[in-house]
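Everything below concerns the one structure shown next.
Quick note: the coordinates plus some simple rules give every number you see, no bench work behind them. Just so it is clear, the model here is predicted, and its values are computed rather than measured. Neighbour counts are summed over all protein chains in view; Cβ atoms, including those assigned to glycine, are modelled from backbone coordinates with ideal geometry.
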Amino acid sequence: MGQIISVVSGKGGTGKTSFCAGVAVALCALGEKVLLIDADRGLRSLDIVLGMSDRVLFSWGDVLDGACSIKEAAVKHPIVKNLRLLTAPSISESDNYRREEIAALLERARPHFTWILIDCAAGFGHEVMDFALSSDRSIVVSTPDHSALRGAQRIGIQMAAGGVEQIHIAVNRLRLGMIGKGEAVNIDAAMDTSGLPLLGAIPEDKDVIACGNQGQVLVLFSTGYARVAYANIARRLRGTRLPLLQGVKLKK
Ligand SMILES: Nc1ncnc2c1ncn2[C@@H]1O[C@H](COP(=O)(O)OP(=O)(O)O)[C@@H](O)[C@H]1O
Ligand SMILES: [Mg+2]
């Protein structure tokens, strides 16, 4: 039975979509079967980052409307074996789906995958809550700055109040030089401010931007450290204990 993880943030642009793509591919490389769900109806972009825009035909909205099955809507990645993407309906098709419907959709998908990662919109909108409060655990992605971390703290509180039992933070876009000069928050302070236990840290890495823009799989096209950090996180999710920045060097 698969584990369902919602990936959330208080503030926008913290790296949730890149995180979902990177960790999902890393999980597949470990032999896992992964479903990525784009739950960000306003700014859906997992299809772009994964180079799958011309492949997605149906969305999870179509599944809920009874227009197709999950199998038809969840398209296979062209290169990464065992990775499927279920994209979001656009906001203009704006039916409001009920939380029970979303929860039932996730439960229908669960037996077919070992991991289901949900790329949520930023903030506290009802659809974020509908997906996140239907998941088994949440990962809050934050950059190491006070405004993003305050958002992380607030969404962590909302998730806990809604009954999500396991909530972690992943700190993204770390730069050693900025931490050293006090221009960015260090990892301990990030945990203190957010009040959340740490799942992992991802360095600033231009390959994340380049691969995302070109729809290329980071693992295949990059030798950078973000790739290693996503792989570390995938291994931790599977229960392997690893030093925080194993194999990762932070740039100045
Ligand atoms: N570790 C990283 N290093 C460098 N750039 C990153 C990193 N993570 C994300 N980005 C970039 O930051 C921007 C926002 O990331 P994205 O994953 O779309 O965030 P969100 O889904 O939270 O809005 C994108 O341009 C992405 O390429
Ligand atoms: Mg996003």
- Query: For the chain, what is the calculated [θ] at 222 nm in deg cm²/dmol (nearest 500), taking -39500 (n - 2.57) for each run of four or more DSSP H residues and dividing by its residue count?
  - Reply: -11000 deg cm²/dmol
- Message: From the convex hull of the Cα coordinates of segment 3-237, what is the mean projected area in square nanometres?
- Response: 11.6 nm²
- Gln246 and Glu100 label points (each 7 Å along its Cα→Cβ direction) are spaced in nm at 4.4 nm
- Ordered by fewest other Cβ atoms within 10 Å, a rough proxy for footprinting exposure, Phe19, Phe131 read Phe19, Phe131
- Message: Using Cβ counts within 10 Å as a stand-in for footprinting exposure, how do Thr240, Thr114 rank, fewest first?
- Response: Thr240, Thr114
- Nearest-20 debye value, the chain charge dipole, Cβ charges on Lys, Arg, Asp, Glu: 1000 debye
- Helix 99-109 sits off the longest principal axis of the Cα atoms of the chain, rounded to the nearest 10 on a 0 to 90 degree scale, by 90 degrees
- Within 10 Å of each residue's Cβ, count the other Cβ atoms and sort Asp207, Asp119 from fewest upward. Asp207, Asp119
- Task: Would you mind putting 196-202, 179-185 in packing order, based on average other-beta-carbon counts within 10 Å, highest first?
- Result: 196-202, 179-185
- Cα gyration tensor shape for segment 46-134, rounded if a/c is under 1.5, else prolate or oblate: rounded
- Item | Mean projection area, nm², convex hull over Cα of segment 172-252 | 5.9 nm²
- At q = 0.23 Å⁻¹, what is the log10 ratio I(q)/I(0) for segment 1-103, with the Debye formula run over Cα points and no solvent? -1.45
